[in-house]
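The values are calculated or read from the model by the stated rules, or taken from the named source; none is laboratory data. These numbers were taken from a predicted model, which means no experiment stands behind them. When we count neighbours, we look across all protein chains shown, and the Cβ atoms used for this are built from the backbone with ideal geometry, even at glycine. Each accessible area value is taken on the protein alone, full model and side chains, heavy atoms only, with ligands, DNA and RNA left out. Shrake-Rupley method; radii C 1.70, N 1.55, O 1.52, S 1.80 Å.
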Amino acid sequence: MNDGEGRALLPVEYRLTGRPASVGEAQQALGRLLDGRFPSCSASARADTLLVVSQLIDAAQQHGIDVAGVTARVGDDLIDLHVEYEPQTDVQVESALTDGWAWTNAASLADKLSITQSSAEGLKVRLLVRLQ
């Protein structure tokens, strides 16, 4: 992305949820962002993106892990989603990571999926999704 004069523009970051994040809040904010920034995004790509973010929050909550927040950075044809979880025990992380559908769907949707975890910062999931 550039400013028309060849200078690179930094992507804008949008905070999609408060702390702790809720599924409804994430869906509404992400839906508005997709509609505003990607009006030509297909209905199936929009629905898939909303579903995966919802599942990543819901799966964590089912294992006693609060989501600290969801942020998004947007480019010309992609959205870079960051889901940050509160610090948790290794047992909770293992349970959440092996919760099938959330991770399977995230992996199938994302052009890139990365997961990092530290005891101080908690679990972080990053999905890079191409929408055009």
Surface share of carbon and sulfur [accessible, 1.4 angstrom probe, percent] for the chain: 50 percent
Accessible area expressed per residue, the chain, with surrounding protein chains retained (probe 1.4 Å, Å²): 53 Å²
Proximal charge balance of Glu84 [Cβ under 15 Å; K/R count +1, D/E count -1]: -1
Listed values (1) -0.53, -0.63, -1.28, -1.38; (2) -0.50, -0.55, -1.02, -1.12; (3) -0.45, -0.52, -1.04, -1.14, entry calculated as log10 I(q)/I(0) by the Debye sum over Cα atoms at q = 0.12, 0.13, 0.19, 0.20 Å⁻¹: (3)
Contact order normalised by residue count of the chain, Cα under 8 Å, 6+ apart, percent: 25 percent
Candidates Val12, Val83, Val52, ranked by Gaussian network fluctuation over the chain, Cα under 10 Å, top entry: Val12
Residues in the range 15-34 that a label on Trp101 would reach, taking backbone N under 20 Å of a point 7 Å out along Cα→Cβ: 22-28, 31
